[in-house]
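Some notes on the structure that comes next.
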Amino acid sequence: MAKTLVEKLWSRHCVADLGDGTDLLYIDRVLLHERTGSIALKGLAEQGRAVRHPDRAFVCMDHIVDTRPGRGDETLMPGGEAFIRETRAAANAAGIRIFDIGDNRQGIVHVVSPEQGIALPGLTLVCPDSHTCTQGGLGALAWGIGSSEAAHALATQTLVVRRPRQMRVRFEGELPAGVGAKDMILHLIAAHGAGGGAGYAIEFAGSAVSALSVEARMTLCNMAVEFAAWTGLCAPDAKTIAWVEGRPFAPKGMAWHQALADWADLVTDAGAIFDKEIVVDCASLAPTITWGTSPQHALPVTGLVPDPAHAADANAAEAQRRALTYMGLEPGQALAGLPIDGAFIGSCTNSRLSDLRAAAAILKGRHVAPGVRAICVPGSGLVKAAAEAEGLHRIFLDAGFEWRESGCSMCFFAGGESFGKGERVVTSTNRNFENRQGPGTRSHLASPVTVAASAIAGRIADARALAAQPVEA
C-alpha cells in the first residue's frame, strides 16, 4: 500500500498500537532548553527516575539568556538566573550534553540541533517548545510537547501520541524575485486561517519547495505550528544530504552509507492518500507582512488594511476590530509607508546564516533611519562566527544594527527585554499576538529582507523597490 512520508516515519517508530487512534512511539532525540528543561528534569528527579539514554538528550541555553555582548548567567528576566543554573545542575547530574553560555555552539535549540546533526532525516525529535517542528525541514518527525511529556520521554525514550491526519501543501511554480519561505508560509496562513492545519501533520512539497534551500525549508516548517498543525516536514533530498554530511552528530564512515540507504525511502509514494491537499500557485506570491495580531492577519507588503465590515463572520469581524485597535491602524490604510520604531532579525524562524546574508545584501552601503532601533541576533554561536568570518557583522554594524550574542532574545517578552509600548516593529519572528515582544508592542511579521528594507526606510517598505535603487558610494 502506498504510504505518505509521515506514515513511513510513524510505522518505523511505532512500538505498540494502543487503540483509539493512539500509538506508543519510540523517540530518537529529546531536546530541552532552560525555560522548560529544569521543570522536566526536576520532575524526573522527584519521581526517582533516571534519564534512560543521556546520550540522546541535549540541552540548549536559549530562551531567557541575555544576548547582549559580555553576558553571563545574569538575565534581564527577574529570577531568570535560577532557570539557567538549575537546568545546568540537573543536566550535569543526569549526564546530558549542554550547549551552555560561553560555548560557541550555544544558540536557539531549533538552530543548534540541525547544525550539529542532532536532527537528521527519519528521526523522531521532541522538545517542550512548540517550534520543534522547525526540524521537519530535514525530513525528521519533530513536534513540541509539555514538560511532563519531556520527563516521560527522558525516562522511557517513548511517548503516547495520537495519530494525526495527513495534509500535503504543494507550492508549485517559480517564486517571483524577492519572495521567500517566510512569504510563502504567511500567505498560506492568511489564505486558510490560523487554524487551517489543526490536527494535521503537513508535508510541504511541490517544485517551489524543492527549489528552496534546506534552511528555507526549516523556516517553512517552523511556522507550521502557526497554522495550528501538529507538525510540518519536507522530504529529504540531495540538498538535505549535502547539508547534513559531516556535521558533528551525523553518522560517519560505514554508518553514513547505511544512513543514505535508509533515507532513500523517505518520500511519499505515488498514489499515497492525504486527508487534505492544498495547492499554492507561487507565481501570484509577493513579499508578505502581517498587519494585525495573528499570523493570519497578513497581506502583500503593498496591500491595504482590511475592513472588518467585510469579514467572513461576526467573530472574524470582532477579531479584526480588536487587532486594528491594538495595532493603531484604520481600515483601508496602506501598510507600506507606516513609520516604524524598531526592526528585529532573529528567532528560530529566521536567524540562520542564509537569513543574515539576505538581510546584509539589502543593508550594505545603507544606514538605519533615524529613530529606529535595529537589532540582529544570530541563531547560534556558530552562525555568528560564520557571519563574522564573511564580514556580515560589519555590514550590520555599519548600517546601525546592534550585533548580539545568540539566543531567542526579543522574539518574546519572557526573556525580560522588549520594545516599548505602542512601538511599531518589523520582525522576522513567528508570533505577533498582543504583547509578544513587549507590553503594547506592535509587531509586524516579515522576512529578513523586508525587516532590513523597513529599517533603512524608517517605515514598512518593499525590499524589491529598495534593491532597485543605487547605493551611495
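The values are calculated or read from the model by the stated rules, or taken from the named source; none is laboratory data. If you're wondering where the values come from, they're calculated on a predicted model, not measured in any experiment. Note that each Cβ is placed from the backbone with ideal geometry, even for glycine, and that neighbours are counted across all protein chains shown. Side chains are part of the model used for accessible areas, which takes the heavy atoms of the whole protein and leaves out ligands, DNA and RNA. Shrake-Rupley method; radii C 1.70, N 1.55, O 1.52, S 1.80 Å.
Figures for the structure shown
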| item | result |
| --- | --- |
| Test: residue in segment 283-305 that is modelled with pLDDT of 95 or more, open to solvent by less than 70 Å² (accessible area, probe 1.4 Å), in a helix (DSSP H, G or I) and not aliphatic (A, V, I, L, M) | no |
| Where a residue in segment 60-74 is free of Cβ contacts under 8 Å to residues at least 40 places away in the same chain and its partner, wherever it lies, is among the basic types (Lys, Arg), with Cβ under 8 Å and at least six apart | Asp73/Arg85 |
| Residues of segment 336-345 satisfying the condition of being in contact with a Gly (Cβ under 7 Å, 6 or more places away or on another chain) and either open to solvent by less than 10 Å² (accessible area, probe 1.4 Å) or of a type in the set (A, V, I, L, M, F, W, C) (or both) | Ile340 |
| Filter result for Ala385 (closer than 21 Å to Asp66 by Cα, open to solvent by 40 Å² or more (accessible area, probe 1.4 Å), more than 15 Å from the chain's Cα centre (by Cα) and among the small types (Gly, Ala, Ser)) | yes |
| Segment 116-132, subset in contact with a strand residue (DSSP E or B) (Cβ under 9 Å, 6 or more places away or on another chain) and assigned to a loop (DSSP other than H, G, I, E, B), residue farthest from Phe99 (Cα to Cα) | Gly122 |
| Residue match in segment 271-282 (condition: in a loop (DSSP other than H, G, I, E, B), out of contact with any Ser or Thr (no Cβ under 6 Å at 6 or more places or on another chain) and among the β-branched types (Val, Ile, Thr)) | yes |
| Residue count, segment 182-212 (criterion: open to solvent by 10 Å² or more (accessible area, probe 1.4 Å) and in contact with a Ser or Thr (Cβ under 6 Å, 6 or more places away or on another chain)) | 2 |
| Residue satisfying all of: in segment 223-255; surrounded by 15 or more Cβ atoms within 10 Å (Cβ to Cβ) and of a type in the set (Lys, Arg); farthest from Asp275 (Cα to Cα) among these | Arg247 |
| Test: residue in segment 206-229 that is touching an Asp or Glu at 6+ places or on another chain (Cβ under 8 Å), polar (S, T, N, Q), touching a residue at least 12 places away in the same chain (Cβ under 8 Å) and part of a loop (DSSP other than H, G, I, E, B) | no |
| Subset of segment 363-383 [closer than 21 Å to Asn430 by Cβ and out of contact with any Ser or Thr (no Cβ under 6 Å at 6 or more places or on another chain)] | Arg373, Ala374, Ile375, Cys376, Val383 |
| Test: residue in segment 133-142 that is part of a strand (DSSP E or B) and surrounded by fewer than 24 Cβ atoms within 10 Å (Cβ to Cβ) | no |
| First in segment 76-102 and among the acidic types (Asp, Glu), second anywhere and part of a helix (DSSP H, G or I), Cβ under 8 Å, 6 or more apart | Glu86/Ser38; Glu86/Lys42; Asp100/Arg88 |
| Residue match in segment 405-412 (condition: of a type in the set (S, T, N, Q) and either within 22 Å of the chain's Cα centre (by Cα) or open to solvent by less than 20 Å² (accessible area, probe 1.4 Å) (or both)) | yes |
| Condition broken by Val279, with the remaining ones in (1) under 19 Å from Ala190 (Cα atoms); (2) surrounded by 15 or more Cβ atoms within 10 Å (Cβ to Cβ); (3) β-branched (Val, Ile, Thr) satisfied | (2) |
| Residue match in segment 149-166 (condition: surrounded by fewer than 23 Cβ atoms within 10 Å (Cβ to Cβ), in contact with a Cys (Cβ under 7 Å, 6 or more places away or on another chain) and more than 20 Å from Asp55 (Cα to Cα)) | no |
| Filter pass, Ala312 being open to solvent by 80 Å² or more (accessible area, probe 1.4 Å) and either assigned to a loop (DSSP other than H, G, I, E, B) or without any contact (Cβ under 8 Å) to a residue 12 or more places away in the chain (or both) | yes |
| Where Ile108 falls short, out of the listed (1) among the hydrophobic types (A, V, I, L, M, F, W, C); (2) modelled with pLDDT of 95 or more; (3) within 15 Å of Gly415 (Cα to Cα); (4) touching a helix residue (DSSP H, G or I) at 6+ places or on another chain (Cβ under 6 Å) | (4) |
| Yes/no for Arg49 being among the basic types (Lys, Arg), closer than 24 Å to Trp403 by Cα and open to solvent by 70 Å² or more (accessible area, probe 1.4 Å) | no |
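Conditions tested, residue by residue: (1) without any contact (Cβ under 8 Å) to a residue 40 or more places away in the chain; (2) surrounded by fewer than 20 Cβ atoms within 10 Å (Cβ to Cβ).
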{"residue": "Met327", "(1), (2)": "no, no"}
{"residue": "Ala334", "(1), (2)": "yes, yes"}
{"residue": "Ser347", "(1), (2)": "no, no"}
{"residue": "Asp355", "(1), (2)": "no, no"}
{"residue": "Lys364", "(1), (2)": "no, yes"}
{"residue": "His367", "(1), (2)": "no, yes"}
